[in-house]
1. How many residues does the stretch 25-60 contain that are within 12 Å of ligand 2 (Cβ to nearest atom), touching a strand residue (DSSP E or B) at 6+ places or on another chain (Cβ under 7 Å) and either in contact (Cβ under 8 Å) with a residue 60 or more places away in the chain or open to solvent by 20 Å² or more (accessible area, probe 1.4 Å) (or both)?
2. With the requirement that a residue be open to solvent by 20 Å² or more (accessible area, probe 1.4 Å) and within 26 Å of D122 (Cα to Cα), what does the stretch 180-206 give you?
3. With (1) farther than 15 Å from S204 by Cα; (2) open to solvent by less than 20 Å² (accessible area, probe 1.4 Å); (3) touching a helix residue (DSSP H, G or I) at 6+ places or on another chain (Cβ under 9 Å) as the list, and T85 as the residue in question, which single condition is left unmet?
4. Can you tell me which residue among V22, V88, V43, V95 is at pLDDT 95 or above and farther than 25 Å from V170 by Cα?
5. Evaluate the following for K8: is it in contact with a strand residue (DSSP E or B) (Cβ under 6 Å, 6 or more places away or on another chain) and modelled with pLDDT of 95 or more?
6. One residue is enough: does the stretch 102-110 have a residue meeting the conditions free of Cβ contacts under 8 Å to residues at least 12 places away in the same chain and within 14 Å of ligand 1 (Cβ to nearest atom)?
Amino acid sequence: MPEVSKLKKPDVKLVLLGDMNVGKTSLLHRYTERKFKDTVSTVGGAFFLKQWGPYNISIWDTAGREQFHGLGSMYCRGAAAIILTYDVTNWQSLVELEERFLSLTDTANHDCIYAVVGNKADLTDLTAQLPQTSDLGDQTKSEESQVLSACPTPPASPVSISGVLLRKQVTHDDAVALYGRILRYKCLDEKSTLPAEKMCFETSAKTGYNVDSLFETLFDLLLPSILRKRNENQESPTVDLEDCRTSGGKRGKASCC
Ligand SMILES: Nc1nc2c(ncn2[C@@H]2O[C@H](COP(=O)(O)OP(=O)(O)OP(=O)(O)O)[C@@H](O)[C@H]2O)c(=O)[nH]1
Ligand SMILES: [Mg+2]
């Protein structure tokens, strides 16, 4: 797997959360391996280390199945960024984020960054069906031009290249509204935190649509956390047990609101 190593010490932790079948594992495969592969439903969780410039970012892919729910808060402990993933064709997958997954983030860092991500956009949007240039070799680039020349302007009617588009069940506005509720749950001021327009994405793990943009936006936003952590480690090379106990100790919902 390119740029992925299991030996280096991670600087920060990013966690993918969301219901089963929304495409968390596929998003990670697409980003790390540049492919859309067959997946099996994740058991427990899986860990990848991504080298981002001189920094190492651990990315945790978690299981969405209810039976693994208890593990979620453990995976979120000390997280610097959490991707809350839903499926744009499945309204319930957005509801589950709020009802089942949001409370798991209580163990994340107090300054954790949240992204709300609607995956499988290729099923509902024509633009998300076009292959992403960054993922294409020369041969596939010419295939892309064929697709583009066969479709010089996007058709007005919802007819897709690969078949009939599905009805979008979750709109961008629904995701933005959820992002606002997440900020309120976290007792964060909307004016002083990252804006919803920047933190709500629609992606397709299948075509690669917006996948690099999602991960790389988050990595850039994580830079201050990484630098702070590296500074702290240089200043105090000894282990602070109190800090260890509370590093994931985000204030609980009840205590902050
Ligand atoms: N059309 C389309 N299908 C997708 C996309 N992403 C994932 N899938 C399909 O959705 C199914 C579930 O994908 P996974 O990546 O295994 O989902 P998951 O969220 O990791 O599921 P759990 O591990 O059970 O929590 C698979 O059949 C994927 O091929 C996408 O962007 N577009
Ligand atoms: Mg999975």
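1. Step one: filter the stretch 25-60 for residues within 12 Å of ligand 2 (Cβ to nearest atom), giving 25-29, 37-46, 60.
With touching a strand residue (DSSP E or B) at 6+ places or on another chain (Cβ under 7 Å) added as a condition, the list becomes 25, 27-28, 42, 45-46, 60.
Next, from what is left, pick out any that are either in contact (Cβ under 8 Å) with a residue 60 or more places away in the chain or open to solvent by 20 Å² or more (accessible area, probe 1.4 Å) (or both): 25, 27, 42, 45-46, 60.
Of the residues in the stretch 25-60, 6 are within 12 Å of ligand 2 (Cβ to nearest atom), touching a strand residue (DSSP E or B) at 6+ places or on another chain (Cβ under 7 Å) and either in contact (Cβ under 8 Å) with a residue 60 or more places away in the chain or open to solvent by 20 Å² or more (accessible area, probe 1.4 Å) (or both).
2. Here is the first cut: in the stretch 180-206, the ones open to solvent by 20 Å² or more (accessible area, probe 1.4 Å) are 181, 184-185, 187-195, 197-198, 202, 206.
Of everything in the stretch 180-206, those that are open to solvent by 20 Å² or more (accessible area, probe 1.4 Å) and within 26 Å of D122 (Cα to Cα) turn out to be P195, E197, K198, E202, K206.
3. (1)
4. Working: V22 fails: farther than 25 Å from V170 by Cα; V88 fails: farther than 25 Å from V170 by Cα; V95 fails: farther than 25 Å from V170 by Cα.
Going through V22, V88, V43, V95 in turn, the sole match is V43.
5. On the way: in contact with a strand residue (DSSP E or B) (Cβ under 6 Å, 6 or more places away or on another chain): yes; modelled with pLDDT of 95 or more: no.
Taking the combined requirement at face value, the residue does not satisfy it.
6. Going residue by residue through the stretch 102-110, those that are free of Cβ contacts under 8 Å to residues at least 12 places away in the same chain are none.
Within the stretch 102-110, none of the residues are free of Cβ contacts under 8 Å to residues at least 12 places away in the same chain and within 14 Å of ligand 1 (Cβ to nearest atom).
The values are calculated or read from the model by the stated rules, or taken from the named source; none is laboratory data. Since the model is a prediction, treat every value here as computed from it, not as a measurement. All Cβ positions, even for glycine, are placed from backbone atoms using ideal geometry, and neighbour counts span all protein chains on display. Each accessible area value is taken on the protein alone, full model and side chains, heavy atoms only, with ligands, DNA and RNA left out. Shrake-Rupley method; radii C 1.70, N 1.55, O 1.52, S 1.80 Å.
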